[in-house]
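The values are calculated or read from the model by the stated rules, or taken from the named source; none is laboratory data. All of these numbers come straight from a predicted model, not from anything done at the bench. Backbone-built Cβ (ideal geometry, glycine too); neighbour counts: all protein chains shown. Heads up: the accessible areas ignore ligands, DNA and RNA and are worked out on the full protein's heavy atoms, side chains in. Shrake-Rupley method; radii C 1.70, N 1.55, O 1.52, S 1.80 Å.
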Amino acid sequence: MESSRARPDRRARRPRRRRAPVYAALIAFAVVGGAATGTLYRQGQGHARPGAGGAVSSSASAPSGGEASVETVGPVVVVDRDALLASAMASVTVADGAEVSVAVLDADSGESASYGTDVFETASIVKVDILAALLLRAQDAGRALTAAEQSYAVAMIEDSDNDSASALWRAIGTADGLDAANERFGLTGTSGGDGPLWGLTRTTAADQVALLRQVFVADGSELSEASRAYVRGLMGRIADGQRWGVSAAADGGSGGGGSGWALKNGWLRRSTTGLWVVNSVGRVTSDGHDRLVAVVSRGSATLAEGIALTEAAAKAAVSVFAGAADATGGQKSS
C-alpha cells in the first residue's frame with residue numbers, strides 16, 4: 001500500500017492561474033441631523049463578500065488579466081432612534097420635580113427607542129399584566145377563564161375597577177404569581193407590589209413595551225392567539241373619560257376608538273407626597289403602522305398635568321418614526 005507521504009502532490013503539477021487583482025473602495029460618511037431628521041449613519045461599501053446581504057453588486061466577470069469592476073448601489077442607513085427620541089423629548093415640558101420615561105416599538109419593523117431607565121410605580125397599568133398572567137395560568141391548566149374571571153377582567157380593564165383587580169391579583173398568586181409570569185414574558189425590571197398593593201408594582205417603560213409585545217405581536221409570545229385577542233379587545237373598549245394618554249399619538253387621536261388605539265392607563269395620587277403617578281401604555285396606529293408605546297411618570301402636581309405629560313411623551317415617541325422617508329431617500333424604514 002502506498003504511503004500517503006510518498007504520494008506525489010498532484011496539485012503541485014497544475015499550472016497556476018493568474019488571478020486578476022481586485023481593488024475595493026470603501027467609502028464611509030456620517031450625516032447628523034437635528035430633531036426633525038434624527039441621527040443617521042450611512043455607509044457605502046465598495047466591495048462585499050458574497051452572501052453578506054449588503055447593498056452592493058459587483059461584476060464578477062472580468063477580462064483575463066483585467067480588473068473586476070465593483071459598483072456601489074446605495075448606502076446602508078442606520079437611524080439612531082434613541083438619539084432621535086431624546087431630541088424629541090427635549091421639547092416636552094416636564095414640570096419641576098416631575099419625571100418621565102418612555103419607550104416605543106414599531107411592531108412591523110421591530111425597531112425601538114427608549115428614553116429613561118428609571119423604575120416607576122405602575123398604578124393601574126399593572127392590570128394588563130395581571131390579566132396576562134391570569135390567561136397564562138389558564139393556558140397552562142388547559143382551561144378557559146371562568147365566568148367570574150371574565151367578569152372581573154372586563155371590569156378591571158375597561159372600567160379600571162380596583163375590586164376586580166384585587167380579586168384577580170389573588171387568583172394569580174399576588175406578587176409571586178405576577179413575577180413568575182413576567183419571567184416567562186421576558187420582563188426584567190418589574191417586581192410585584194407587596195401584599196395586596198398591586199398598584200405599587202414597580203416597572204420600567206421598556207418592560208411595559210415588552211409586555212405589550214406579548215399581547216400585540218404573535219412572534220415569541222407566551223400567550224395564545226385567543227388570549228392575545230381577548231386582551232386586545234378589552235383594551236380597545238376603554239370607558240369614556242379614560243381614553244387619554246398614548247391614544248393622543250394615534251391617527252385621529254383618542255376619538256379614533258379601538259381601531260386607532262388600544263390602551264390602559266394608570267393614575268395614583270401618592271399619600272406621602274400628594275403628587276401624582278400617571279402612566280399610559282398601549283398600541284397606537286400612526287401613518288398606517290402599529291406602534292407599541294409605554295409612558296410612565298411621577299411627580300405631577302395634578303392629574304391633568306400628568307395626563308398632558310404622558311400625551312406629549314407618547315407623541316414624541318411616535319415621532320421618532322416620522323420623516324423616515326426623507327431620511328432614507330424615499331422609503332420609510334418602518
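A few points about this structure:
- Qualifying residue in region 144-154 (condition: under 27 Å from the mean Cα position of the chain (by Cα), surrounded by 15 or more Cβ atoms within 10 Å (Cβ to Cβ), modelled with pLDDT of 95 or more and closer than 24 Å to His289 by Cα): no
- Top-ranked residue of region 215-228 - restricted to ones that are closer than 14 Å to Leu134 by Cα and among the aliphatic types (A, V, I, L, M), ranked as surrounded by the most Cβ atoms within 10 Å (Cβ to Cβ): Val215
- Number of the exception - Asp194 against (1) open to solvent by less than 60 Å² (accessible area, probe 1.4 Å); (2) outside any helix (DSSP H, G or I): (1)
- Residue count for region 277-302, restricted to those that are open to solvent by 50 Å² or more (accessible area, probe 1.4 Å) and among the hydrophobic types (A, V, I, L, M, F, W, C): 1
- When each of Leu187, Leu168, Leu212, Leu178 is tested for being farther than 25 Å from Arg243 by Cα, open to solvent by less than 50 Å² (accessible area, probe 1.4 Å) and part of a helix (DSSP H, G or I), the lone residue that passes is Leu178.
- Residues satisfying the stated conditions in region 95-119, i.e. in contact with a strand residue (DSSP E or B) (Cβ under 6 Å, 6 or more places away or on another chain) and farther than 18 Å from Arg291 by Cβ: Gly97, Ala98, Glu99, Asp118, Val119
- Cβ-Cβ contacts under 6 Å between residues 6 or more apart (or on different chains), taken from a first residue in region 229-245 that is within 11 Å of Ala262 (Cβ to Cβ) and in contact (Cβ under 8 Å) with a residue 24 or more places away in the chain to a second residue that is open to solvent by less than 20 Å² (accessible area, probe 1.4 Å) and part of a helix (DSSP H, G or I), are listed as Val231/Leu131; Val231/Val215; Leu234/Ile157.
- Restricting attention to region 119-143 and to residues that are more than 22 Å from Arg283 (Cβ to Cβ) and in contact with a Leu (Cβ under 6 Å, 6 or more places away or on another chain), the residue that is least open to solvent (accessible area, probe 1.4 Å) turns out to be Ala138.
- Taking region 229-268 as the range and being surrounded by fewer than 19 Cβ atoms within 10 Å (Cβ to Cβ), small (Gly, Ala, Ser) and either modelled with pLDDT of 95 or more or over 19 Å from Val318 (Cβ atoms) (or both) as the test, the residues that pass are Ala229, Gly233, Gly236, Ala239, Gly241.
- Scanning region 99-117 for residues that are part of a strand (DSSP E or B), open to solvent by 50 Å² or more (accessible area, probe 1.4 Å) and charged (D, E, K, R) yields a single hit, Glu99.
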